[in-house]
Amino acid sequence: MRVAVLGCGVVGTEVVRLLTTQADDLAARTGARLELVGIAVRDTATPRDAVVDPALLTTDAEELVTRADVVIEVVGGIEPARSLLLRAIEHGASVVTANKALLAQDGPTLYAAADAAGVDVYFEAAVAGAIPIVRPVRESLAGDRVRRVLGIVNGTTNYVLDRMTTEGLDLDQAVKEAQALGYAEADPTADVEGFDAAAKAAILASLAFHTRVSIDDVDREGITAITADDVAWAERTGYVIKLLAIAERRDEGVQVRVHPALVPLAHPLAGVRGAFNAVFVEAEAAGELMFYGRGAGGAPTASAVLGDVVSAARHRVLGGKGPVESSYADLPVLPASSARTRYQVRLDVQDRPGVLAQVAALLADHGVSIEAVRQAPAPLGPDGGDGLARLIITTHEASEESLAATVAAITEHEAVRRVLSVLRVEGV
């Protein structure tokens, strides 16, 4: 069974290592020996790990994919990955990819091409690293109806928020620490602005709800506005802040979003620490399921890749084909304004009788009911101190649209000095 690898970075190197060091076991599991026929790279002269045989390196990826039975793509990005995978499929190769960005933007093109050619497309490594989540949602829960997927799917942001929570670091300090440890890139935008999580949310929603969801359908908000003060107040009120990917099926359609949220300390996701990932699935028959593990890194991601390689290779040896795209439901993708959840609003107001009642009336005017209110003196400082009180208002479930209108009205009220933060509450 001829195997080609596109890309030889951190993940690609670990894929080559597993193919080389576990060759006998892989042959036993697939029914044929996996022969690595080439590794496509940009520059063959770049120094590499000793496990990579220089004789296998090539810069001609287009030629390489035409002589493989299984093509592994760990290059990332949209192009040339898309063109190379389509070329591989055209020449009869099954493909295994870890490319979340490509799948979230143009996965259906790959699925259609593979279906027409009678080959497999596998992508377990595209979501949450080593955690087996794609296969359970796509296959194990195929006989059930998934209602909701709630997950921490970006290890970098989870590490950053965890360090802000446990060590009191501000965002910039925590990001720099993540960069020093190799969890974050030199440009951390894809992580901290939520793009990476949004791509994964689109993939999970498409699988869970049998509906095509692209990254453009995902309402996205990163963690760049989260402050050390937000994290401290979350803890005081019984929550921890996490960047969540949320996909929900409702009667009227599917709603998918990524944003920071307050998670109750008693919820399983609240205890996910460091760079780990976890995905919480709610299904009608199976109930609540949680998948937890390392969400990134060369070895964990390579583990997921090799699992897919074994499946694709076995199908070629024994005949048959893996699951194809299921988009039969074709549910409407709902706008961000339709999302319904609880909120916590933190604001400073003038400390005088009647102000709380006035703020409560503004919420009621917009159909937002209050679950709890906490009042404390505003901290001393340039914008706080004597004459001000801090209100922390937790609401019952409300629509995004209603909450936005409420916050706009509160901001304009003469007794309100400033609205400090508005955070959604999930997992209640």
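The values are calculated or read from the model by the stated rules, or taken from the named source; none is laboratory data. Keep in mind that what you see is a predicted model, and the values were worked out from it rather than measured. Because the Cβ atoms are built from the backbone with ideal geometry, glycine has one as well, and the counts that use them run over all protein chains shown. Ligands, DNA and RNA are excluded from the accessible area calculation, which covers all protein heavy atoms including side chains. Shrake-Rupley method; radii C 1.70, N 1.55, O 1.52, S 1.80 Å.
Relative to its Kirkwood radius, the Cα radius of gyration of region 274-354 gives an Rg/Rh of 1.20.
Dividing the summed helix terms, -39500 (n - 2.57) for each DSSP H run of n ≥ 4, by the number of residues in the chain produces a 222 nm estimate of -10500 deg cm²/dmol to the nearest 500. Reported value for region 131-228: 113 Å³ per residue, from the convex hull of its C-alpha atoms.
Rounded to whole Å, the principal axis extents of the Cα atoms in the chain read 78, 46, 32, largest first. The local environment of Q358, defined by Cβ-Cβ distances under 15 Å, has a net charge of -3 under the rule Lys, Arg +1 and Asp, Glu -1.
For region 51-94, rounded, prolate or oblate, judged on the Cα gyration tensor with a ≥ b ≥ c (square roots of eigenvalues), a/c < 1.5 rounded, else prolate if a/b > b/c? Cα axes put region 51-94 in the oblate bin. Partner lysines whose Cα lies under 30 Å from the Cα of K176, excluding those fewer than 8 positions away in the same chain, are identified as K100, K200, K242.
Over every Cα atom in region 90-149, the radius of gyration and the widest Cα-Cα span, Dmax, amount to 12.6, 39 Å. Measure off, as a whole percent, the carbon and sulfur share of the 1.4 Å-probe accessible area of region 27-118, all protein chains present. Of the solvent-accessible surface of region 27-118, carbon and sulfur hold 47 percent.
Once you order the gyration tensor axes a ≥ b ≥ c over the Cα atoms, which shape class does region 58-192 get: rounded for a/c under 1.5, otherwise prolate or oblate by comparing a/b with b/c? Judged from the Cα gyration tensor, region 58-192 comes out oblate (a/c at least 1.5, b/c at or above a/b). Note on R2 and T109: their simple-model spin labels are 2.6 nm apart, each label 7 Å out from Cα toward Cβ. Evaluating 6.51 cos²θ - 1.76 cosθ + 1.60 at θ = phi - 60° for every residue in region 395-410, the Karplus couplings come out as 9, 6, 4, 8, 7, 4, 5, 5, 5, 4, 5, 5, 5, 4, 5, 4 Hz, glycine and proline recorded as x. Using R₀ = 60 Å, calculate the FRET efficiency as 1/(1 + (r/R₀)^6) where r is the Cβ-Cβ separation of V428 and A55; round to 0.05. Plugging the Cβ-Cβ distance into 1/(1 + (r/R0)^6) gives 0.55. Set the Förster distance to 22 Å, then compute FRET efficiency between V324 and S83 from the Cβ-Cβ distance, nearest 0.05. Computed FRET efficiency for V324 and S83: 0.50. In plain terms, the bigger the Kirkwood radius, the slower the diffusion; for region 178-285, with that radius from Cα pairs, at 10 °C and 1.306 mPa s, Stokes-Einstein puts D at 105 µm²/s.
Here region 156-266 has 45 percent of its accessible surface on carbon and sulfur atoms, given a 1.4 Å probe and all protein chains in place.
Per residue, the accessible area of region 284-358 comes to 49 Å², computed with a 1.4 Å probe over protein heavy atoms only. Net length available on complete extension from A23 to S338 is 108.3 nm, with 0.36 nm assigned per residue and the Cα-Cα distance removed.
Full extension of the chain segment joining R418 with T224 gains 67.9 nm, where the gain is 0.36 nm per residue of separation less the Cα-Cα distance. Converting the Cα gyration tensor eigenvalues of region 305-428 into ellipsoid dimensions via √(5λ) gives semi-axes, longest first, of 50, 18, 11 Å. Counting only DSSP beta bridges with both residues in the chain, what percent are antiparallel, rounded to the nearest 5? Of those bridges, close to 70 percent are antiparallel. Pairs of Cα atoms nearer than 8 Å and 6+ residues apart set the relative contact order; for the chain it is 16 percent.
Applying 1/(1 + (r/R0)^6) with R0 = 60 Å to the Cβ-Cβ distance of E62 and S369 gives a FRET efficiency near 0.50. Restricting attention to region 175-249, which GluC sites (Glu not before Pro) occupy a DSSP loop and are surrounded by at most 14 other Cβ atoms within 10 Å? Here the GluC sites (Glu not before Pro) that fit, given the DSSP loop and packing criteria, are E185. Looking at the calculated P(r) for region 28-116, what percent of the C-alpha pair distances fall above 17 Å? Distances greater than 17 Å cover 52 percent of the Cα pairs. Looking at region 270-348, the trypsin sites (Lys or Arg not before Pro) that sit in a DSSP loop and have at most 16 other Cβ atoms within 10 Å of their own Cβ are R273, K321.
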